[in-house]
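> Shown below is the structure under consideration.
The values are calculated or read from the model by the stated rules, or taken from the named source; none is laboratory data. Given the structure is predicted, the values throughout are model-derived calculations rather than measurements. So basically every Cβ, Gly included, is an ideal-geometry build from the backbone, and we count neighbours across all protein chains shown. Please note that ligands, DNA and RNA were not included when accessible areas were found on the heavy atoms of the full protein model with its side chains. Shrake-Rupley method; radii C 1.70, N 1.55, O 1.52, S 1.80 Å.
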Amino acid sequence: MVRCSCVLFRKYGNFIDNLRLFTKGGSGGMGYPRLGGEGGKGGDVWVVAHNKMTLKQLKDKYPQKRFVAGEGANSRVSALKGSKGKDCEIPVPVGVSVTDENGKIIGELNKEKDRILVAEGGLGGKLLTNFLPLKGQKRVIHLDLKLIADIGLVGFPNAGKSSLLSKISHAKPAIADYAFTTIKPELGKIMYSDFKQISVADLPGLIEGAHMNKGMGHKFLKHIERTKQLLFVELELYKEELHTKPALLAVNKMDLPDAQDKLHVLMNQLQNPKEFLHLFEKNMIPEKTVEFQHIIPISAVTGEGIDELKSCIRKSMDEHANQENDAYHKQQLLNLHISNTISYSEPPSKNAVSSPRMDIT
């Protein structure tokens, strides 16, 4: 059941990454005092992830943004136990985090069909409630979208990220030479000859001080959090954890005059970063410098270095996947060891009943 309400949202072009919704669980049904009948529980409100959904589609489909579940059925002679009210499901894109009005995280939806209960239905009338039903839970929630991608392209405006994305993938982002060309994240996929696919997100250009919420600031820096690896020009102080992500550096526009000389200066600065920190303002100096796995000179215009870049991306992603698998297997072995240690060290309970072991094949 969908009724009227108001909505607050942030919008950049046609891209929406935040919505405020009102949700309410259904009221319970009336009990039947004379026969001890119980009313049905009110329906619940769930947020459910769908791969092909966007927050803009949600806004367009439900412009009132009020989601109310169905009421539980009253108890009656023909059905002493009232039926449960109809649940209400809110379809959202994968990658959404759900918070309450106070900013407390209710949960995250990271894959298709993930679901979170956001407003519970009220109990039906029963002896405990003097056969009177309870109202459903009311809750204002915020949906906050963070893109999920294998690689996040990060850098200043006009660094050539959109051109690079179009060169290495099948994406066709708008490309022009002015600040904040990209006003919404663009997604593309690198296709390899063995049919391996790696998703790439071109995130809007940063400006100096983006970590202090200048310009677009945190509105788009948050999308970096969900990429597995970073391919970027410069990232400042938004979150320390981002320094731990595997990172590649693509030095673009190598087709320009004096590019080789500038590359030589850049490499020297990257190899000896402490010698150049005096050139920056104190509040612009990061506590930790980023270490790059690979530094690849490229030109998104001529195609120079693009094949090497794609190869390095693939190699880095494969290494990351292998490390995750090794860590998972080590944890599984550790859990098994702990489980066996506990089972052998604890004496059997006096009340325990033993039975012959049966091996299932």
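> I'd like the full set of residues that are among the charged types (D, E, K, R) and either open to solvent by 80 Å² or more (accessible area, probe 1.4 Å) or at pLDDT 95 or above (or both), limited to the range 97-109. Explain how you work it out, then say what you get.
First, the residues of the range 97-109 that are among the charged types (D, E, K, R): 100-101, 104, 108.
Correct list: Glu101, Lys104, Glu108.
> Residue by residue through the range 145-157, note down the ones that are open to solvent by less than 30 Å² (accessible area, probe 1.4 Å) and either of a type in the set (D, E, K, R) or modelled with pLDDT of 75 or more (or both). Give the derivation first.
To start, the set of residues in the range 145-157 that are open to solvent by less than 30 Å² (accessible area, probe 1.4 Å) comprises 145, 147, 149-155.
Scanning the range 145-157 gives Leu145, Asp150, Ile151, Gly152, Leu153.
> Go through the range 82-96 and give me each residue that's small (Gly, Ala, Ser) and crowded, with 19+ Cβ neighbours inside 10 Å.
Within the range 82-96, the first condition is being small (Gly, Ala, Ser), and the residues that meet it are 82-83, 85, 95.
Residues satisfying the conditions are Gly82, Gly85, Gly95.
> Name the residues in the range 116-144 that are more than 15 Å from Met30 (Cβ to Cβ), crowded, with 17+ Cβ neighbours inside 10 Å and of a type in the set (Lys, Arg), would you?
Once the filter is applied, which keeps residues that are more than 15 Å from Met30 (Cβ to Cβ), crowded, with 17+ Cβ neighbours inside 10 Å and of a type in the set (Lys, Arg), the range 116-144 yields only Arg139.
> Here is a further query. What number of residues within the range 74-87 satisfy the criterion of being out of contact with any strand residue (DSSP E or B) (no Cβ under 7 Å at 6 or more places or on another chain) and in a strand (DSSP E or B)?
Filtering the range 74-87 for residues out of contact with any strand residue (DSSP E or B) (no Cβ under 7 Å at 6 or more places or on another chain) gives 74, 77-79, 83-86.
Now drop any that are not in a strand (DSSP E or B), which leaves 79.
Selection size over the range 74-87: 1.
> Here is a follow-up. Which of the following residues is over 30 Å from Asp150 (Cβ atoms) and open to solvent by 50 Å² or more (accessible area, probe 1.4 Å): Lys41, Lys24, Lys52?
Matching residue, one of Lys41, Lys24, Lys52: Lys41.
> Further, regarding this structure: Scan the strands (runs of 3 or more DSSP E) fully inside the range 88-153 and keep the ones with 1 or more residues being touching a residue at least 60 places away in the same chain (Cβ under 8 Å). Talk me through it step by step, then tell me what you get.
Details: elements: 88-93, 96-100, 105-109, 115-119, 138-145.
Qualifying strands (runs of 3 or more DSSP E): 88-93, 105-109, 115-119, 138-145.
> For the range 302-361, give me the residue count where each residue is part of a loop (DSSP other than H, G, I, E, B), modelled with pLDDT of 80 or more and of a type in the set (A, V, I, L, M). Working first, answer last.
Here is the first cut: in the range 302-361, the ones part of a loop (DSSP other than H, G, I, E, B) are 302-305, 346-361.
Those still in the list that are modelled with pLDDT of 80 or more too: 302-305.
Then keep just the ones that are of a type in the set (A, V, I, L, M); that gives none.
Number of matching residues: 0.
> Could you figure out which of (1) out of contact with any Phe, Trp or Tyr (no Cβ under 9 Å at 6 or more places or on another chain); (2) closer than 26 Å to Lys52 by Cα isn't true of Lys135?
It is condition (2) that Lys135 fails.
> Which number in (1) surrounded by 16 or more Cβ atoms within 10 Å (Cβ to Cβ); (2) more than 13 Å from Gly42 (Cα to Cα) marks the one condition that Lys113 misses?
All conditions pass for Lys113, except number (1).
> While we're on this one: Within the range 72-81, identify whether any single residue is over 23 Å from Lys126 (Cα atoms), surrounded by 14 or more Cβ atoms within 10 Å (Cβ to Cβ) and touching a residue at least 40 places away in the same chain (Cβ under 8 Å), and answer yes or no. Write out each step before concluding.
Here is the first cut: in the range 72-81, the ones over 23 Å from Lys126 (Cα atoms) are none.
For the range 72-81, residues over 23 Å from Lys126 (Cα atoms), surrounded by 14 or more Cβ atoms within 10 Å (Cβ to Cβ) and touching a residue at least 40 places away in the same chain (Cβ under 8 Å): absent.
> Looking at (1) closer than 18 Å to Asp17 by Cα; (2) touching a strand residue (DSSP E or B) at 6+ places or on another chain (Cβ under 7 Å), which one does Asp60 not meet, given that it meets all the others?
Only one criterion is unmet by Asp60, namely (2).
> Further question: Under 8 Å between Cβ atoms, which residue pairs at least 6 apart in sequence (or on different chains) link something in the range 267-286 that is aliphatic (A, V, I, L, M) with a partner that is at pLDDT 75 or above?
From residues that are aliphatic (A, V, I, L, M), the pairs are Met267/Ile295; Leu270/Leu249; Leu270/Phe292; Leu270/Ile295.
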